[in-house]
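These notes concern the structure reproduced below.
The values are calculated or read from the model by the stated rules, or taken from the named source; none is laboratory data. The structure presented is a predicted model; accordingly, all values stated were derived computationally and were not measured. So basically every Cβ, Gly included, is an ideal-geometry build from the backbone, and we count neighbours across all protein chains shown.
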Amino acid sequence: MSLASHAMVADGDDSSSDWSRDESHCELLGPQRTSTEAVRQSARLAKFHVPEVVFGPRSLTELGHCALRLGGRRPFLVTDAGLMEAGWVDEAVGHLRRAGLRPVVWCEVTPNPKDHEVQAGFQRYAASGCDVIVGGGGGSVIDAARGVAILSSNGGHILDYEGVDQVVQPIPPTVMVPSTSGTGADVS
């Protein structure tokens, strides 16, 4: 078994690999026989943990329990005026309180949140002593919530994190509650 171009490929005379790839096309060729060397090489694989996903009718009722499971006591709920008007925020706050949590609501997010909005959200988060961030709304709200999370553990200004691999410190626990679908902002 050898590694070529960071892809696992089978040597011509090694018939005991776990999986092999066509070296020129990087396509999986399917399961192969297992060997000790193949198992050792598989330790180089990456594993991604998918966050807990709760969906379906009345799934918002789980919000307080989700925040509790992350160790939350004082959630910072990031949302917007539209969800406030629709009554979703009142419902979310009720579920958080029923779980024994003391939420703080910040609803100053506009579509395509500006850097100064994210900075203001972070300042409110830092001043309120919150320990988990809840983003409840569409993609803009979820993006703003993630921005607040980044600043809370990495400092600086949100524009410092433009590009790839700029966030080096883990962010605080987050719960995302999408009110729309299609952008995937809640899972990226």
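Restricting attention to the stretch 2-12, does a residue exist that is acidic (Asp, Glu), over 14 Å from GLY136 (Cβ atoms), assigned to a helix (DSSP H, G or I) and modelled with pLDDT under 95? Working first, answer last.
First pass over the stretch 2-12, keeping only residues acidic (Asp, Glu): 11.
Cutting the leftovers down to over 14 Å from GLY136 (Cβ atoms) gives us 11.
Those still in the list that are assigned to a helix (DSSP H, G or I) too: none.
No, the stretch 2-12 has no match at all.
Out of the residues in the stretch 149-166 meeting the condition of being hydrophobic (A, V, I, L, M, F, W, C) and surrounded by 15 or more Cβ atoms within 10 Å (Cβ to Cβ), tell me which one is farthest from TYR125 (Cα to Cα). Explain how you work it out, then say what you get.
Within the stretch 149-166, the first condition is being hydrophobic (A, V, I, L, M, F, W, C), and the residues that meet it are 149-151, 158-159, 164.
Restricting the remaining residues to those that are surrounded by 15 or more Cβ atoms within 10 Å (Cβ to Cβ) gives 149-151, 158.
Details: ALA149: 9, ILE150: 12, LEU151: 10, ILE158: 15 Å.
Per the stated criteria, the residue is ILE158.
Conditions (1) under 17 Å from THR174 (Cβ atoms); (2) touching a Gly at 6+ places or on another chain (Cβ under 6 Å); (3) free of Cβ contacts under 8 Å to residues at least 40 places away in the same chain, marked per residue:
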| position | (1), (2), (3) |
| --- | --- |
| HIS65 | yes, no, yes |
| ARG69 | yes, no, yes |
| MET84 | no, no, yes |
| ASP90 | no, no, yes |
| PRO113 | yes, no, yes |
| GLU117 | no, no, yes |
| GLN123 | no, no, yes |
| CYS130 | yes, no, no |
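Any idea how many residues of the stretch 167-183 are of a type in the set (Val, Ile, Thr) and within 12 Å of the chain's Cα centre (by Cα)?
As a first pass, look at the stretch 167-183 and keep what is of a type in the set (Val, Ile, Thr): 167-168, 171, 174-175, 177, 180, 183.
From the residues that got through so far, the ones that are within 12 Å of the chain's Cα centre (by Cα) too are 171, 174-175, 177.
Selection size over the stretch 167-183: 4.
Residues are listed down the side, and each one gets a yes or a no for (1) part of a helix (DSSP H, G or I); (2) in contact with a Cys (Cβ under 8 Å, 6 or more places away or on another chain):
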{"position": "VAL89", "(1), (2)": "yes, yes"}
{"position": "LEU96", "(1), (2)": "yes, no"}
{"position": "VAL105", "(1), (2)": "no, no"}
{"position": "PRO111", "(1), (2)": "no, no"}
{"position": "ALA126", "(1), (2)": "yes, no"}
{"position": "ILE133", "(1), (2)": "no, no"}
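Residue count for the stretch 69-87 satisfying the condition of being surrounded by 16 or more Cβ atoms within 10 Å (Cβ to Cβ) and not in a loop (DSSP other than H, G, I, E, B): 6.
For beta carbons closer than 8 Å, sequence separation of 6+ or different chains, a first residue in the stretch 134-161 that is touching a residue at least 24 places away in the same chain (Cβ under 8 Å) and a second that is in a helix (DSSP H, G or I) and of a type in the set (S, T, N, Q), the qualifying pairs are LEU151/GLN119; HIS157/GLN119; ILE158/GLN119.
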